[in-house]
Amino acid sequence: MPEPEQTHGRLKGWRAIVTGGGSAGDGVGTGRAICVLFAREGARVAVLDQDAGRAEATCAQIAAGGGEARPVVGDVTSAEDCARMTEESVAWLGGLDVLVNNVGVGSGAGRLEDMAEAAWLRGVDLNLNSAFLMTRAAIPPLLQGRGRAVVNIASVAGLRAHGTGSYGPSKAALVQFTRELAVIYGRDGLRANAIAPGHIMTPLVERFVGPAAREARRRIAPLGIEGDAWDVAQAALFLAGPEARFISGACLPVDGGVTQVAALAAYERLMEAPR
């Protein structure tokens, strides 16, 4: 979708932390899109990333649009870094209303006998443990905030098997972690929801998906179009914001309907003449 231009101040005065807020390569990845859209809707955003340059680039884009953002650098798989980054972010923000756990990595695909233990653990560390560590650090300031929302970026690979030995299971666990957060902290006024992007084209995905695979993904989806980072950002904005005040423990697929297609129907769409 085109980069959103119209805003409504839905997060005016809110304070947000977004992990993985930079973008790999040129263009706009999911984390950067979320940061930019939140800022345009009035939030002040702490942009967390392991790469200082990527975080600074996101902050520069936000500043160019008149928003407020600050880069915070660290490793979300380190408990010490998560605590430090949260403390640093909250000190600048003056509190915390929203946490978006966006960090993830595709790791450990293929047959298990060919998979290195390190690949399995890397996927679990970045896709699941990072969300636990960041959320644990952010819970105290979140419970004092106004929005009190956690949004976890999962994947359709956590809803349907894709032959990804580590990625799919770790993202499925992230969805269940989201549900547990919703139950454990619901009485405290904290909402927790997940987004499951699927067949989204970002600068990172473009490195691994060639033209033929990209066309196949488009044709399989019922809508017959390709999603991008702004589609995910719009969903994150909705789930984080006041319009979703009565939604918690949900997982929202942002996938053009692909998770609703049975195997034979997907095959038929793939075999259709291009249109």
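Quick check on segment 136-166: of everything there that is assigned to a loop (DSSP other than H, G, I, E, B) and touching an Asp or Glu at 6+ places or on another chain (Cβ under 7 Å), which residue is surrounded by the most Cβ atoms within 10 Å (Cβ to Cβ)? So, considering only residues that are assigned to a loop (DSSP other than H, G, I, E, B) and touching an Asp or Glu at 6+ places or on another chain (Cβ under 7 Å), the one surrounded by the most Cβ atoms within 10 Å (Cβ to Cβ) is 147. Sort out which residues of segment 223-243 are farther than 19 Å from residue 21 by Cα and in contact with a helix residue (DSSP H, G or I) (Cβ under 6 Å, 6 or more places away or on another chain), and write them in order of number. Residue satisfying the conditions is 226 alone. Residues in segment 19-41 include none that are over 24 Å from residue 227 (Cα atoms) and not small (Gly, Ala, Ser). If you go through segment 244-264 and keep only what is assigned to a helix (DSSP H, G or I) and either closer than 26 Å to residue 216 by Cα or charged (D, E, K, R) (or both), you end up with 258, 259, 260, 263, 264. Residues that are polar (S, T, N, Q) and not in a loop (DSSP other than H, G, I, E, B) within segment 35-80 comprise 58, 61, listed in sequence order.
Criterion first (modelled with pLDDT under 90 and crowded, with 17+ Cβ neighbours inside 10 Å) does residue 210 satisfy it? Judged against the criteria, residue 210 is not a match. Only one of the listed residues (163, 210) is free of Cβ contacts under 8 Å to residues at least 60 places away in the same chain, at positive phi and not charged (D, E, K, R). That residue is 163.
Residue 203 meets each of the listed conditions (1) without any contact (Cβ under 8 Å) to a residue 24 or more places away in the chain; (2) within 21 Å of residue 19 (Cβ to Cβ); (3) surrounded by fewer than 20 Cβ atoms within 10 Å (Cβ to Cβ) apart from (1). Of all residues in segment 223-243, which are closer than 18 Å to residue 42 by Cβ and either in a loop (DSSP other than H, G, I, E, B) or more than 17 Å from the chain's Cα centre (by Cα) (or both)? Passing the criteria: 241, 242, 243. Here segment 37-52 is the region considered, the condition is being in contact (Cβ under 8 Å) with a residue 40 or more places away in the chain and touching a helix residue (DSSP H, G or I) at 6+ places or on another chain (Cβ under 6 Å), and the residue that is surrounded by the fewest Cβ atoms within 10 Å (Cβ to Cβ) is 44. Among the residues of segment 117-139, is there at least one that is closer than 22 Å to residue 193 by Cβ and basic (Lys, Arg)? So far as segment 117-139 goes, yes, one or more of its residues are closer than 22 Å to residue 193 by Cβ and basic (Lys, Arg). Contact map, segment 233-245: residues that are within 16 Å of residue 197 (Cβ to Cβ) paired with residues that are modelled with pLDDT of 95 or more and of a type in the set (Gly, Ala, Ser), Cβ distance under 8 Å, separation 6+ or inter-chain. Pairs shown: 233/33; 238/244; 239/149; 239/250; 240/16; 240/149. For segment 255-265, a residue qualifies if it is at negative phi, surrounded by 11 or more Cβ atoms within 10 Å (Cβ to Cβ) and at pLDDT 80 or above, and the qualifying residues are 255, 258, 259, 260, 261.
For segment 75-114, a residue qualifies if it is among the small types (Gly, Ala, Ser) and either touching a Pro at 6+ places or on another chain (Cβ under 8 Å) or closer than 27 Å to residue 182 by Cα (or both), and the qualifying residues are 78, 79, 83, 89, 91, 94, 95, 104, 106. Condition (residue is among the aliphatic types (A, V, I, L, M) and modelled with pLDDT under 80) applied to segment 213-226: is it met by at least one residue? Yes, there is a match, as at least one residue in segment 213-226 is among the aliphatic types (A, V, I, L, M) and modelled with pLDDT under 80.
Can you confirm whether residue 169 is surrounded by fewer than 20 Cβ atoms within 10 Å (Cβ to Cβ) and within 28 Å of residue 26 (Cβ to Cβ)? Judged against the criteria, residue 169 is not a match. The set of residues in segment 83-117 that are over 21 Å from residue 46 (Cα atoms) and either part of a helix (DSSP H, G or I) or at pLDDT 95 or above (or both) comprises 112, 113, 114, 117.
The values are calculated or read from the model by the stated rules, or taken from the named source; none is laboratory data. Keep in mind it's a predicted model, so treat the numbers as computed, not measured. Note that each Cβ is placed from the backbone with ideal geometry, even for glycine, and that neighbours are counted across all protein chains shown.
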